[in-house]
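This report refers to the structure that appears directly beneath it.
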Amino acid sequence: MAPDSRRLRNALSIREQLGSLCTRDVDWQRGFPPAPNDDVRPAAVLILFGVLDDAPASDDSGHVPTDLDVLLQRRSATLRSHPGQISFPGGRLEPQDEDAVAAAVREAREETGLDPAGVDVIGTLPNVPLPVSNHTVTPVLGWWQHPSRVAAVDHAETVDVFRVPVADLLAPANRVTSVRRYGRRTFRAPAFTLAQSDTLLWGFTAMVLSRLFDELDWTEPWDASRELEV
């Protein structure tokens, strides 16, 4: 099979799997801390998958094509909420937003400079609580039909934008358990090491990705006893 035909077949398969997930009855709040009941604010993130142009994954032993990637960004260290962390593009719903999809795409354009015309929205997942900032977040799944140039637009909010091979995220060697201590409480959650940014992907974004991979049956067996303090 020609490379272009194989890439098209792989892309169609991935999109079908993502679309099917959006229609399933899954308790996405399982494993996440509950959000406070008072004054919870709605937000949305764009989980944008696509095909890497010239930087395939280094690990080719998993369940996904080596050229499948996901768009991530690093937040500014000066932000009050989640400073310095790796995240999906996204943010709070604003009055002009028609819905969570509109908010996620708008925020992604404002933060990364992507062209919304090239994004095919596949669907949404059930809301996930984010109690640290008192939000409830709608994950919006998208496919990057026509990738455009991306870069940090406002360095006061975002300092880096990058596309990460999904196969590398799934590689067992890049999976760890993050450990976060809050006084006498200790919170453990799935996390990923990122060679592209020489850092740890942890917290809400890592938990959503890990759960997404589990539900799609993409997860490779990994050693959850490997822990890193954050």
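The values are calculated or read from the model by the stated rules, or taken from the named source; none is laboratory data. Quick caveat: nothing in here was measured; it's all calculated off a predicted structure. Cβ sites come from the backbone with ideal geometry, for glycine too, and all protein chains shown count toward neighbours. Ligands, DNA and RNA are stripped out before the accessible areas are found, and what is left, the full protein with its side chains, is counted by its heavy atoms. Shrake-Rupley method; radii C 1.70, N 1.55, O 1.52, S 1.80 Å.
Here are a few things to note about the model shown:
- ³J(HN,Hα) computed for each position of segment 89-94 - Karplus, 6.51 cos²θ - 1.76 cosθ + 1.60, integer Hz, glycine/proline x: x, x, x, 6, 5, 10
- Given R0 = 45 Å, the distance between the Cβ atoms of Ala156 and Val179 translates into a calculated FRET efficiency of 0.90.
- Sparse-neighbourhood loop sites, trypsin sites (Lys or Arg not before Pro) in segment 92-167 - DSSP loop, at most 14 other Cβ within 10 angstrom: Arg149
- Taking all protein chains as they are arranged and a probe of 1.4 Å, the heavy atoms of Val150 leave approximately 30 Å² accessible to solvent.
- Amide H contacts of Thr158 (H built 1.01 Å from N, under 5 Å, at least 5 apart or other chain): Ser76
- Difference of contour (0.36 nm per residue) and Cα-Cα distance, Asp27 to Asp120: 31.0 nm
- For segment 215-230, 3J(HN,Hα) per residue [Karplus equation, 6.51 cos²θ - 1.76 cosθ + 1.60, θ = phi - 60°, Hz, x = Gly/Pro]: 5, 7, 6, 9, 5, 8, x, 9, 8, 6, 7, 6, 10, 9, 6, 10
- Taking 15 Å as the cut-off, the amide N atoms of segment 126-170 that come nearer than this to a point 7 Å along the Cα-to-beta-carbon line of Asp99 belong to 126-127, 138-142.
- Potential extension, Arg188-Glu220 segment - 0.36 nm per residue separation minus Cα distance: 9.6 nm
- Three-way shape label, segment 67-182, alpha-carbon gyration tensor, a/c 1.5: rounded
- Average accessible area per residue (Å²) across segment 107-230 - probe 1.4 Å, nucleic acids and ligands excluded: 44
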